[in-house]
Each structure stands twice: as structure tokens, then as C-alpha cells.
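Asks: Here's a structure for you.
Read-outs throughout are calculated quantities, based only on the coordinates presented, and are distinct from any laboratory measurement. Please read these numbers as outputs of a predicted model, since none were measured by experiment. Cβ atoms come from the backbone with ideal geometry, glycine included; neighbour counts cover every protein chain shown.
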Amino acid sequence: MRGVLLLAVLTIKSSYSRNIETPLERAYDVPDTVQWWFGDGGCYRIRTYAIDHDIHVFEIEDSPKTTIEFARTNNLKHYGDLIRVWHEIRIANWTDGSELEAAFARIGLASRIEINPRQFVFWKPDDAEYATKSTPK
């Protein structure tokens, strides 16, 4: 599975269902993320909410306008003041554990990846199980 993961790690932890958002206070606090997956199965925007380990996945229609630059611009527009760090991770084979380990080691992150073989890949900020627990309005 070939693709690119654009990962924005945020300076907040939040809960969508409880409508709360707080700044990260300690180095070990788990952050929220905004991620974009560009792969053979299409383009997806993935938003993780650290407090509830909630995840919202949006399939983006196939369009020439949906590029990594579009994703960056969108993230800056909606989360610009909350982005702590960006990573653009290009992997030829996301099912190759050694390739993942090396790629994430280069950026100083653990390679906690969830793979849906038909659709998308996303990075988990911690070892908890992430699942859709709320419905976006």
C-alpha cells in the first residue's frame, strides 16, 4: 500500500462529544491531530480527539484540486494557531514494518499506525484504541 500521510500534531487535547478543548500542559499529554491520507484508495481527512480517543474520517472526493498543498492550506486555515509540528511521510509500502519504523524514527515519533487496507492509514498519538465515538454536526 503506497501513499503519503500529512500529519499535523496539535497543541491541544479535546473531546468532540463533550465540546471541550484544553492546551497540552505536560510533555506526556496526548495531542489531537489532523491528518490527510493520499493513497491508492483515495484521499481522506482524519481528525483525532485525544481525550476520548475519538476519530472522524472524511473521504474526500477525487479531484485534481485535492493535493498535499490543498491539505496544508486547509489545515492552516482551520488549525494554523494550533499546529505544533507538521510531518509529510511518504512510504512505498505501509505494510512493511521496518520501513515504517525507519520513517517514524527519522521524525522522532513511534510508528503507531492503523491501516485499513482498502482505504486509509493514520497515526495514533498513543497506544489506545481509536474509534468513531461521536458524529460530526
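Asks: Restricting attention to the stretch 1-59, which GluC sites (Glu not before Pro) occupy a DSSP loop and are surrounded by at most 16 other Cβ atoms within 10 Å?
Replies: Filter output for the stretch 1-59: Glu25.
Asks: Order these peptides, 74-87, 4-17, by their mean beta-carbon neighbour count within 10 angstrom, highest first.
Replies: Top of the packing list down: 4-17, 74-87.
Asks: For Val4, put the label point 7 Å out on the Cα→Cβ axis and report which residues of the stretch 34-60 keep their amide N under 12 Å from it.
Replies: 36-39
Asks: I need the calculated FRET efficiency for the pair Asn19 and Thr132, taking r as the beta carbon distance and R₀ as 25 Å, to the nearest 0.05.
Replies: Details: r = 17 Å, r/R0 = 0.67.
Efficiency, from the Cβ-Cβ distance: 0.90.
Asks: While we're on this one: Would you indicate which of [x] 36, 32, 26; [y] 110, 26, 16; [z] 56, 33, 24 is the value of Cα extents along the principal axes in Å derived from the coordinates of this structure?
Replies: [x]
Asks: Given +1 on the Cβ of Lys and Arg, -1 on the Cβ of Asp and Glu, and no further charges, what dipole in debye does the stretch 3-123 carry about its Cα centre, rounded to the nearest 20?
Replies: Values: 13 positive and 17 negative charges, 45 e Å.
Roughly 220 debye, rounded to the nearest 20.
Asks: Continuing with the same structure: Which distance in nm do the two modelled labels at Thr95 and Gln119 give, with both placed 7 Å along the Cα-to-Cβ direction?
Replies: 1.8
Asks: Dipole of the stretch 3-123 (Lys/Arg Cβ +1, Asp/Glu Cβ -1, origin at the Cα centre): which of Trp94, Trp37, Phe120 lies farthest to the positive side?
Replies: Positive-end residue among those listed: Trp37.
Asks: So the label point goes 7 Å from the Cα of Thr11 along Cα→C-beta, right? Which residues of the stretch 54-87 then have their backbone N under 19 Å from it?
Replies: 73-87
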